[in-house]
Amino acid sequence: MKKFNFDQLKNSNGQKLYKRGKSIIPGGTQLLSKRPELFAPDLWPSYFSKAKGSRVWDLDGNEFIDMSIMAVGACILGYADDDVDARVMDAIKKGVNSTLNCPEEVELAEKLIDLHPWFDRVRFCRSGGEAMSIAVRIARAKTGRDIVLFSGYHGWTDWYLAANLSDDDALDGQLMPGLEPSGVPRSLKGTAIPFHFNDIDSLKEKISGNENNIAAIVIEPARGDDAPEQYIKKLRDLADEIGCVLIFDEITSGFRMCVGGIHRNYKIYPDIAVFAKSMANGYAMAAVIGNKETMEAAQKTFISSTNWTDRIGPVAALATIEKYIDSDADKHIIRIGEATKKVWEKRAKENHLDISISGLPSLANFSFNDEKSQEMNTRFVVEMLKEGFLGFRQFKPSLSHSDTDLEKYDSAVKKVFEIIANTDQEAILESPIAQEGFQRLTSE
């Protein structure tokens, strides 16, 4: 593998383009999770010219193995999968949109219901954030109530950010500290209330006196780890007791431990489940799927958009699901993820580095237990870039990641952990430290 030095990374065409991008694109990128400042400021390649399998090429033609977030988990089969792309190209040749509807949306709806037979209605859109807004709208339409109780991260839209109208740091425990509700109407104050994961008593306290005002309880059934079975069961019972809609946000967890929703493994079923990211291997596609009683409320409100009718999303999703099933993708992804966790554990132990390893094998992560943890995280990313890897403290494996990739990664992590362990902590960084959470970018 080609190795890179500090100057090559700093003077790359990607860095030059990003400086131009930041001058005209507020925030620098369209997605917070892809901001270079979250990885290695001034050094992260920033843009890709090509992506295939587990590989990414930057604007200088340099090849990296992606052992990081894999398009934030969207490319579950790997980048530019031949089978999915062939189906999409065929669909493009036949026409992406028309005055009539594409038949694939019915086929995809039937496929999702086959995988989740406790559901019998489906609506589609094209991104996770808007899918969650649809789910919340349907819950409010069904119940005639306003308040949503939630745990976890659920996107950028008003219903969610309204939580910070009541308390400036209400979202700090929900994975995204520092999110300001600027632009969110003050009239939404009190309509979104966070509760802590796996804390039923805390949830009951927030419900007390508001039983007839709760439209929905929203959770991520898994992000770092599986939710405890008893917790999920109590949520189901509580939602039934107060007559609200139970929503599972599976935008991140869907298709990562099994085909479809991870709640299939729990055998405890929500009223609505929401999918996006992995379901179409990087093509824009999202689904809101639920039981008839709940989902028919969609007809009592207005939920509609032109681009939700394009053909590419459903075709890509059908091809992705088909290949996922045929290749037992979940087994491979879980195996690669478990092996990666063992790499971190072994190499950290060898170098007497104190790290914590957590997450599902398909959503694995590690952290340095040190007061200089963020500096060490940044140094890890920088040194992995030098070794030819997009490396990060998170790893979202795909079907395309091979044992050979893992062997090369193991060798790189061994070297990088040695560097971190043997570097004086006061001199751990020779580049800017990576940002944490949500921060504004300073214009240049």
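Structure above, values below:
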| quantity | calculated |
| --- | --- |
| Residue under evaluation Leu238, criteria (1) modelled with pLDDT of 95 or more; (2) closer than 24 Å to Ala141 by Cβ; (3) touching a helix residue (DSSP H, G or I) at 6+ places or on another chain (Cβ under 6 Å), criterion not met | (3) |
| Meets criteria (closer than 30 Å to Ile262 by Cβ, surrounded by fewer than 16 Cβ atoms within 10 Å (Cβ to Cβ) and either in the same structural domain as His332 (by TED's automatic domain parsing) or not polar (S, T, N, Q) (or both)) for Ser400 | no |
| Unique match (being aliphatic (A, V, I, L, M), buried (at least 23 other Cβ atoms within 10 Å of the Cβ) and modelled with pLDDT under 95) among Ala216, Ala170, Ala222, Ala139 | Ala222 |
| Where Lys50 falls short, out of the listed (1) within 24 Å of Phe395 (Cα to Cα); (2) assigned to a helix (DSSP H, G or I) | (2) |
| Pairs, first surrounded by fewer than 20 Cβ atoms within 10 Å (Cβ to Cβ) in the stretch 336-359, second at pLDDT below 95, C-beta under 6 Å, six or more apart | Ser358/Gly224; Gly359/Gly224 |
| Some residue of the stretch 364-378 being buried (at least 18 other Cβ atoms within 10 Å of the Cβ), more than 21 Å from the chain's Cα centre (by Cα), in a strand (DSSP E or B) and not basic (Lys, Arg) | yes |
| Phe275 under 21 Å from Cys244 (Cα atoms), in contact (Cβ under 8 Å) with a residue 40 or more places away in the chain and assigned by TED's automatic domain parsing to the domain that holds Gly129 | yes |
| Any hit, the stretch 119-127, residues being among the acidic types (Asp, Glu) and in a strand (DSSP E or B) | no |
| Close pairs (7 angstrom Cβ cut-off, 6 or more residues apart or separate chains): of a type in the set (Val, Ile, Thr) in the stretch 146-166, part of a loop (DSSP other than H, G, I, E, B) anywhere | Ile147/Thr191; Ile147/Asn210; Val148/Thr191 |
| Evaluation of Leu77 against (1) aliphatic (A, V, I, L, M); (2) part of a strand (DSSP E or B); (3) buried (at least 20 other Cβ atoms within 10 Å of the Cβ) (one fails), failing number | (2) |
| So Gly28, is it under 17 Å from Gly282 (Cα atoms), surrounded by 15 or more Cβ atoms within 10 Å (Cβ to Cβ) and out of contact with any Asp or Glu (no Cβ under 7 Å at 6 or more places or on another chain) | no |
| Members of the stretch 313-331 found to be under 21 Å from the mean Cα position of the chain (by Cα) and within 26 Å of Ser98 (Cα to Cα), listed by number | Gly313, Pro314, Ala316, Ala317, Leu318, Ala319, Thr320, Ile321 |
| Residue tally, condition surrounded by fewer than 16 Cβ atoms within 10 Å (Cβ to Cβ) and touching a strand residue (DSSP E or B) at 6+ places or on another chain (Cβ under 9 Å), over the stretch 83-113 | 2 |
| Ile321 being within 12 Å of Ile76 (Cα to Cα) and hydrophobic (A, V, I, L, M, F, W, C) | yes |
| When residues of the stretch 135-157 are limited to those that are under 21 Å from the mean Cα position of the chain (by Cα) and in a helix (DSSP H, G or I), the one farthest from Pro181 (Cα to Cα) | Ala135 |
| Residue count for the stretch 295-323, restricted to those that are assigned to a helix (DSSP H, G or I), hydroxyl-bearing (Ser, Thr, Tyr) and either more than 18 Å from Gly254 (Cα to Cα) or not assigned by TED's automatic domain parsing to the domain that holds Gly224 (or both) | 2 |
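The values are calculated or read from the model by the stated rules, or taken from the named source; none is laboratory data. If you're wondering where the values come from, they're calculated on a predicted model, not measured in any experiment. Ideal geometry is used to build each Cβ from the backbone, glycine not excepted, and the neighbour counts take in all protein chains shown.
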